[in-house]
Amino acid sequence: MTTTAGAAGTGLPEVERIPPRSTRYVRDERDPNAFLVQRSVFVDEDVLAREREAIFNRCWVYVGHGSEIPEPNDFVSRTVVGRPVLFTRDKDGEVRVWYNACTHRGAEVCRERRGNARRFRCFYHSWSFSTDGRLVAMPDEDAYPEGFSKEAHRLRGPARVESYRGFYFMNVRADAEPLEDYLAGTKYYLDLTADQSAAGMVVTPGSHEYSIKANWKLLVENSFDGYHAIPVHKTYLDVQRSRGDQIAGSTDSDWKRSYAYDLGNGHAVTVKEAPWGRPIARWKPSMGEDTREIVEDSYRRLVAAHGTRRADEIAGLDFNMHVFPNLSINNIMAVIIRTYHPVTPGLMHVNAWSLAPAEESPAARRVRNESFLSFLGPAGLATPDDNEALESCHRGYASDPGGGWSDVSRGMDLDEPRNWDELQMRTFWRRWSDLVEGPGGGNGGEH
């Protein structure tokens, strides 16, 4: 099995490749080597306001997957980083993203979660809009003054909407770089995910939506933090071991071919061969003997479509990937798409979806759902533990308001950091600092 490495694979550790910085919020130090993050970034209202402007109003932000709106006039309404939007496909099949606000007085033009409709009608004054954004009807139109233009009152939306392999993103800046350039090295792993299916990957029905009383950046860190897996998720690992899986309960023994890679533009990934089963094509005893043929048939389909080498990589490579700023795609015991949107410094809203091959049989989908829910579901054996850990961190910050530094130094002097090291988090924080504080930390030196 092969893997790709963004900025990794240079043969040099970070401390030799990346210059140090010392800013108000991030210290990337040498002699001795240390990487520290000021904890005020998790609790300060001014920091969140700066993030909204410098990050979320600048970067490409995930909106949804094309499979959620397969037919003309399908729509989904959701909130994306505080902005209510309509993710829809117009009558001609073109995907659109509109702000869910009437151009008359600003009320929502759609109050349904999802559906299929030729028009969005504002309940306040009954202005109606087509799925391609045109204002098509309004009561007492003749009462408006001469020169009134329906065209000037189209629904508004982000300046740019682009997609890659079915994943749709929006950007409020017209001059933003193309999405494919922005995604950089993440495209390799998005391809690995999309190539699980010849018929296309689809978001399965339903979603998980919940809140965590913690800062959104804590979930960024947690989403690809391999260091916490053994102590925090011991219950899950013990259950899998009791069902026959070969799990030693140590990182060195359980994670094979384990690495962490900088993928560019603040994106990062951790990869490994893990000891658990994967419904796409890696059967383990914990999945039950009755599922073995289903999983092995999935592997045979991958070989037929891609050849043995590529099939082995799709089936055997677990990865946890973060797409800057707030999207995680974890392709582990199942595939989860997860976004996290800040509400206040101490509260985030989380949305999560399961992604699966469109052609999966009902029996194979049952195997996938059981694998997904047992670990990744909000009532599974992992997600509640993670949420409690993040809330515990946030409560702990109250002990020294605005003070203290979090240590993110693990593995920074290694040629090839592992998935239980912290290169991936440092990648996020360096990009975060560049955007929030200025390239290289701006003037720096404020402590």
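The values are calculated or read from the model by the stated rules, or taken from the named source; none is laboratory data. Computed from a predicted structure; not experimentally measured. Note that each Cβ is placed from the backbone with ideal geometry, even for glycine, and that neighbours are counted across all protein chains shown.
Per-structure values
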| item | result |
| --- | --- |
| Criterion (over 21 Å from Ala352 (Cβ atoms), assigned by TED's automatic domain parsing to the domain that holds Ala199 and surrounded by fewer than 20 Cβ atoms within 10 Å (Cβ to Cβ)) met by exactly one of His306, His228, His233 | His306 |
| Conditions (1) over 23 Å from Leu423 (Cα atoms); (2) modelled with pLDDT under 90: number failed by Gly316 | (1) |
| Selected residue (only one of Glu71, Glu108 is crowded, with 16+ Cβ neighbours inside 10 Å and acidic (Asp, Glu)) | Glu108 |
| Only listed residue being out of contact with any Cys (no Cβ under 6 Å at 6 or more places or on another chain), over 23 Å from Val202 (Cα atoms) and either not assigned by TED's automatic domain parsing to the domain that holds Asn320 or not aromatic (Phe, Trp, Tyr) (or both), chosen from Glu162, Glu177 | Glu177 |
| Segments classed as strands (runs of 3 or more DSSP E), wholly inside the stretch 90-135, with at least 3 members that are within 28 Å of the chain's Cα centre (by Cα) | 95-99, 114-116 |
| Failed item, numbered, when Gln246 is tested on (1) assigned to a loop (DSSP other than H, G, I, E, B); (2) under 22 Å from Ala352 (Cα atoms) | (2) |
| Strands (runs of 3 or more DSSP E) fully within the stretch 279-381 counting 2 or more residues that are out of contact with any helix residue (DSSP H, G or I) (no Cβ under 8 Å at 6 or more places or on another chain) | 335-344, 347-357 |
| Hits in the stretch 205-217 - residues which are surrounded by 18 or more Cβ atoms within 10 Å (Cβ to Cβ) and in contact with a strand residue (DSSP E or B) (Cβ under 8 Å, 6 or more places away or on another chain) | His208, Ile212, Ala214, Asn215, Trp216 |
| The lone exception for Pro178 - which of (1) under 14 Å from Ala356 (Cα atoms); (2) at pLDDT 95 or above; (3) surrounded by fewer than 18 Cβ atoms within 10 Å (Cβ to Cβ) it fails | (1) |
| Test result for Ala49, in the same structural domain as Ala194 (by TED's automatic domain parsing) and surrounded by fewer than 17 Cβ atoms within 10 Å (Cβ to Cβ) | yes |
| Given (1) within 30 Å of Pro32 (Cα to Cα); (2) acidic (Asp, Glu); (3) buried (at least 19 other Cβ atoms within 10 Å of the Cβ), number of the condition Glu360 does not satisfy | (1) |
| Any chance Glu53 is within 21 Å of the chain's Cα centre (by Cα), part of a helix (DSSP H, G or I), within 30 Å of Trp405 (Cα to Cα) and of a type outside the set (Gly, Ala, Ser) | yes |
| Unique match (being free of Cβ contacts under 8 Å to residues at least 40 places away in the same chain and out of contact with any helix residue (DSSP H, G or I) (no Cβ under 7 Å at 6 or more places or on another chain)) among His65, His125 | His125 |
| Subset of the stretch 368-411 [on the phi > 0 side of the Ramachandran plot and crowded, with 17+ Cβ neighbours inside 10 Å] | Gly411 |
| Failed condition for Asp142, given (1) surrounded by 19 or more Cβ atoms within 10 Å (Cβ to Cβ); (2) at pLDDT below 95; (3) over 21 Å from Gly264 (Cβ atoms); (4) out of contact with any Asp or Glu (no Cβ under 8 Å at 6 or more places or on another chain) | (1) |
| Residue within the stretch 32-39 that is buried (at least 16 other Cβ atoms within 10 Å of the Cβ), charged (D, E, K, R), at pLDDT 95 or above and within 24 Å of the chain's Cα centre (by Cα) present | yes |
